[in-house]
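To keep things clear, I will list the structure first and then write my remarks on it.
Values in this text are rule-based calculations from the coordinates and carry no lab data. This is a predicted model, so every value here is computed, not measured. We place every Cβ from the backbone using ideal geometry, glycine too, and count neighbours over all the protein chains shown.
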Amino acid sequence: MALFTAGVVVLDCAEPEKLAEFYTALLDAEQVEATANRVEIRAAEGTRLAFRRDMNATPPSWPRPENSLQVHLDFLVEDLDEAERRIVGLGGRPLDTKDASGPYEERGYADPAGHSFTLRRVAPTAPKLG
């Protein structure tokens, strides 16, 4: 048996309830635990995130160098445009949505508390027909 198992990624923020709502809707997740200072969610595929109250939390400044990346999340999606509409509709904002060069298409966003995350397009599993 492993000494350690994967735990939960915890994001500090001033309003954990609101940030949990954003990620619950974004990931079609469910809330699995809530206390006065922490809310935890679990997505259908098992991803677990928690949001801890910290009234002094400062949002990352990415892409500016000062206070830039405190934590960074990557999400895989099939349709970048559809995912962007959902993020913006839930209160997130684009950070870097220009086309990325290289083999992967990706775009950067911030959640309502300012944490940055990246959407990466999942490569198709079968060639297009026609």
Item checked: Distance (nanometres) between label positions extended 7 Å along Cα→Cβ at Val122 and Glu17 -> 3.4 nm
Next item on the list: Give, in nm to one decimal, the length gained when the segment between Asn56 and Gln31 is fully stretched (0.36 nm per residue of separation minus the Cα-Cα distance).
Entry: 6.6 nm
